[in-house]
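J.: Mind looking over this structure? Questions follow.
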Amino acid sequence: MKMNRHYDELKASYLFVEINHKIAAFQETHPDQEIIRLGIGDVTQPLAKCVVEAMHAAVDEMGTKAGFHGYGPEQGYGFLKDAIQGYYAGRGTKIESDEIFISDGAKSDLANVLGLFDTDNTVLVPDPVYPTYVDDNVTDGRKIVYAKTSQENGFLAMPDESVKADIIYICSPNNPTGAAYTREQLAQWVAYAKANNAIILYDAAYECFVSDEHLARSIFEVEGARECAIEICSFSKIAGFTGTRCGYTVVPRELERDGMSLNKLWLRRQTTKFNGVPYIVQRGAAAVFTESGMKEIQANLDYYRQNAKVLADMLDECGVWYCGGKNSPYIWLRCPGEMKSWEFFDWLLENCGVVGTPGVGFGECGEGYFRLTAFGDAEKTKVAAARIKAAIQALNK
Ligand SMILES: Cc1ncc(COP(=O)(O)O)c(C=O)c1O
């Protein structure tokens, strides 16, 4: 028996283990101090009422002979694909129903889509970024090159002609930096992908946070992207589905490599290796795109946006450099006092009782930076902002 030895090459993920370890140690020595967690990447607002009602109705339907649903179409029910098509059309982006594939979330598809490509391809991953992209390719044994980012380029990697890659990850708005691409910037990536016969895997998990009209919500807003990109989307952040699980992937009909249609390949892959997302969940997801659904989820998104504003305003007042926060639930700040990421983590916990995420945990280029998130409770976020402001002002004295 031969095992996949590439699993040995995975770096152990100490980030959240270490954070929890430090919080536990702090709690022991400061039992009365209330800790505010601004490190979580999970949503906290409940599901929208219309989503809950749609799922209740679907459960009732399933309990009747006439309304029972067994195996559904592996690529998703037409009613949900039509709703997604309408969501794109509402923003002026045309995609076809058979280009949409419903999934149980972006994380699965980000990994599964790699199965379409030979392991002998080079992958380009921005640094810092959502760590899963790296691990998905390490376990397949693919060569990874990093696109380094920094404060100078606003933590947005741009194509470098001297680097040759076959698969390019773009995450916009980015986790952890919150930085998002304009259409013009994405057009440069599309040109690079076409020139190099590469494929862009565009992770749009946070597109719903984009409100600036110069920024792209979908890579398919860019001309030529249909010939070189796959878009991976999620209901996790737009509608609080992190525990409910639903997402979708868009594979354009025009996308071809090596004489093969990626849309046809993906359909074959899904119908072979996947048995679909539960009917009840898909009914809940479709409710997101109704008129009342859109209003309800906007209220939830506004709640997080307001938290982001509270944190961003506080950093502005303190003169701390940051990006994100405006079109993203993530605020990526430069650690005050030239502190390193973990140093600032300890300082923040000790002086403010606030927990965030050290930037270096997302890649080497994250050293000296720190991620705060807007997914917390509004009142607690305000308290945290006031504590951080007072502590930074004392530090600067
Ligand atoms: C950039 C990015 N992509 C994908 C995901 C996973 O999304 P899902 O819940 O749909 O699997 C996350 C989750 O935090 C994320 O940050």
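The values are calculated or read from the model by the stated rules, or taken from the named source; none is laboratory data. What you see is a predicted model; the values in this text were computed from it and never measured. All Cβ positions, glycine included, derive from the backbone under ideal geometry; neighbour counts span all protein chains shown. To get the accessible areas, we keep the full protein, side chains included, count just its heavy atoms, and leave off ligands, DNA and RNA. Shrake-Rupley method; radii C 1.70, N 1.55, O 1.52, S 1.80 Å.
J.: If DNA, RNA and ligands are ignored and the probe is 1.4 Å, what is the ranking of HIS56, HIS6 by accessible area, most exposed first?
T.: Of HIS56, HIS6, the descending order of accessible area is HIS56, HIS6.
J.: In degrees, nearest 10, range 0 to 90: what is the angle between the Cα axis of helix 78-89 and the longest Cα principal axis of the chain?
T.: 60 degrees
J.: With the dipole of the chain worked out from charges on the C-beta (+1 for Lys and Arg, -1 for Asp and Glu) around the Cα centre, which of ILE36, SER261, VAL383 lies farthest toward the positive end?
T.: Farthest towards the positive pole: SER261.
J.: Separate question: Of GLY284, GLY325, MET339, which is farthest towards the positive pole of the stretch 233-340's charge dipole, taken about the Cα centre with +1 and -1 on the beta-carbons of Lys, Arg and Asp, Glu respectively?
T.: GLY284
J.: Once you charge only the Cβ atoms, +1 for Lys and Arg and -1 for Asp and Glu, what is the size of the charge dipole of the chain about its Cα centre, to the nearest 20 debye?
T.: 380 debye
J.: I'd like the accessible area for THR271: 1.4 Å probe, protein heavy atoms, all chains in place, Å² to the nearest 10.
T.: THR271 exposes around 50 Å² with every protein chain in place.
J.: Report the accessible area of ASP313, computed with a 1.4 Å probe over the heavy atoms of all protein chains in place, in Å² rounded to the nearest 10.
T.: 60 Å²
J.: Placing +1 on the Cβ of each Lys and Arg and -1 on the Cβ of each Asp and Glu in the chain, which of GLN188, SER13, MET62 has its Cα farthest towards the positive end of the resulting dipole?
T.: MET62
J.: Name the aspartates and glutamates eligible as straight-distance cross-link partners of LYS264: C-alpha to C-alpha under 17 Å, and not fewer than 8 places from it in the same chain.
T.: Result set, ordered by chain and number: GLU74, GLU96, ASP98, GLU99, ASP109, ASP118, GLU227, GLU231, GLU254, GLU256.
J.: Additional query: Quick one: pull the percent of accessible area on the chain belonging to carbon and sulfur, 1.4 Å probe, ligands and nucleic acids left out.
T.: 51 percent
J.: Give, as ranges by residue number, the residues of the stretch 131-156 whose backbone N falls under 14 Å from the point 7 Å along Cα→Cβ of LYS22.
T.: Under cut-off, by backbone N: nothing.
J.: Just the number please: accessible area per residue for the chain, 1.4 Å probe, all protein chains included, in Å².
T.: 45 Å²
J.: Quick one: ranking LYS264, LYS309 by accessible area, 1.4 Å probe, largest first, what do you get?
T.: Result of the area sort, largest leading: LYS264, LYS309.
J.: With a 1.4 Å probe and all protein chains kept in place, how much accessible area does HIS214 have, in Å² rounded to the nearest 10?
T.: So the heavy atoms of HIS214 present about 120 Å² to solvent.
J.: So how do ARG305, ARG371 rank on accessible area, 1.4 Å probe, biggest first, that is with the largest at the start?
T.: My answer, sorted largest first, is ARG305, ARG371.
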